[in-house]
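The values are calculated or read from the model by the stated rules, or taken from the named source; none is laboratory data. On a predicted model such as this, the values are computed, not experimentally measured, just so you know. Note that each Cβ is placed from the backbone with ideal geometry, even for glycine, and that neighbours are counted across all protein chains shown.
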Amino acid sequence: MIKTSASLLACDLANISGELSRCKAANVDWIHFDVMDGAFVEQITYGSPVLKSVRAATDMFLDVHLMVENPAQQVKFFAEAGADLISFHIESLSDAAETLKAIRALGVKSALAVKPKTPIESVYPYLALCDMVLVMTVEPGYGGQAFMPETLDKIRALREKADGMGLSGLSIEVDGGINTKTAPLVKEAGADVLVAGTGLFKAADMAEANLLLKVPQKGATC
Ligand code: DX5
Ligand code: ZN
C-alpha cells in the first residue's frame with residue numbers, strides 16, 4: 001500500500017497544530033520531520049523539543065529524517081520525544097549498524113537514508129537492520145527542489161535486491177520533488193512511501209493532492 005508523508009518544512013510553521021489537523025483531515029498517512037544541523041547540510045531547522053510538541057498535538061505516525069552529522073548521539077532524544085521512525089544518512093559520521101540497532105532498541109522503526117550521488121549498494125549490508133530505506137530524490141538541504149530522474153534506477157535496484165533477500169516488507173521512501181507528475185515514476189520503480197512538502201502543503205486542495213499521489217496514474221513524465 002502506498003503511503004504519503006507530509007514534510008512540515010513546507011507548512012506554516014507558526015501554526016503547526018493547524019497544519020497537522022489539515023494533514024489528518026486530508027488523509028495523509030505520515031508526518032515527515034526534517035532535522036537539519038547546519039553541518040551535515042547548510043541549514044538548521046528544528047529538533048527534538050519541537051517534535052515533542054508535535055507528538056502532543058497529533059496521533060499521526062511521526063517519520064523523522066535526521067540530516068545531521070552525528071545521528072547516533074541524537075536518536076535517544078528523538079525516540080523520547082515520540083518518533084515512530086527515525087532515518088539517518090549512510091553518509092553521516094555514525095556507525096550505520098550500531099545506530100540502526102540503537103534505534104530499534106529504543107522501540108522505534110529504523111531507516112537508512114541515501115543521498116542522490118551515493119551508490120545504492122552502500123546500504124545493502126545493512127538491509128536486515130532496516131525497516132525502511134529513504135532514497136533521496138533531491139540533494140538534502142532544501143524543500144521545493146526539482147526531482148532528479150537519475151534516482152529511479154537506484155529505487156529499482158534496491159527493490160530488486162530487497163526482494164532477492166526475502167525482505168519484501170522493506171519500505172522504500174522517496175523524498176524531494178515528489179508531486180502528481182513524479183509520483184507515478186517512483187511508484188513504478190518500487191517506492192511505497194512518498195514524502196511531499198510543497199506537493200501537499202502548497203496544493204490548492206491537500207486532500208485531492210494526497211489522493212492523486214496515491215492513486216495509480218498512467219502516462220505521466222517528469
Ligand atoms: C530535503 C528534505 C525534504 C523536503 C521535501 O532535504 O529532506 O523532506 O522537505 O520537500 P519538497 O517535497 O518540497 O521537495
Ligand atoms: Zn526529508
note = Apart from one, (1) in contact (Cβ under 8 Å) with a residue 60 or more places away in the chain; (2) among the small types (Gly, Ala, Ser); (3) touching a Lys or Arg at 6+ places or on another chain (Cβ under 8 Å) all hold for Ala81; the odd one out is (1)
ask   = Counting only residues that are touching a residue at least 40 places away in the same chain (Cβ under 8 Å) and surrounded by fewer than 17 Cβ atoms within 10 Å (Cβ to Cβ), how many does segment 41-60 have?
value = 3
task = Name the residue, out of Gly166, Gly177, that is part of a loop (DSSP other than H, G, I, E, B), on the phi > 0 side of the Ramachandran plot and crowded, with 21+ Cβ neighbours inside 10 Å.
result = Gly177
request  = Output the number of residues of segment 119-143 satisfying the condition of being more than 19 Å from Phe40 (Cα to Cα) and within 15 Å of the chain's Cα centre (by Cα).
outcome  = 3
request  = Please specify each residue of segment 11-39 satisfying the condition of being touching a residue at least 60 places away in the same chain (Cβ under 8 Å), crowded, with 18+ Cβ neighbours inside 10 Å and out of contact with any Phe, Trp or Tyr (no Cβ under 9 Å at 6 or more places or on another chain).
outcome  = Ala26, Val28, His32
ask   = Among the residues of segment 95-109, is there at least one that is under 15 Å from Lys161 (Cβ atoms) and touching a helix residue (DSSP H, G or I) at 6+ places or on another chain (Cβ under 9 Å)?
value = no
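This table checks each residue for (1) within 16 Å of ligand 2 (Cβ to nearest atom); (2) in contact (Cβ under 8 Å) with a residue 40 or more places away in the chain; (3) closer than 23 Å to Glu19 by Cα; (4) not charged (D, E, K, R).
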| site | (1), (2), (3), (4) |
| --- | --- |
| Val133 | yes, yes, no, yes |
| Pro149 | no, yes, no, yes |
| Arg156 | no, no, no, no |
| Leu170 | no, yes, no, yes |
| Gly176 | yes, yes, yes, yes |
| Ala189 | no, no, no, yes |
| Val195 | yes, yes, yes, yes |
| Ala204 | no, no, yes, yes |
| Glu208 | no, no, yes, no |
task = Check segment 119-132 and report whether any residue there is within 16 Å of ligand 1 (Cβ to nearest atom) and at pLDDT 95 or above.
result = yes
query = If you check Thr137 against the conditions, is it free of Cβ contacts under 8 Å to residues at least 60 places away in the same chain, polar (S, T, N, Q) and within 14 Å of ligand 1 (Cβ to nearest atom)?
reply = yes
key: Residues being within 13 Å of ligand 2 (Cβ to nearest atom) and not aromatic (Phe, Trp, Tyr) - total across segment 29-68   = 15
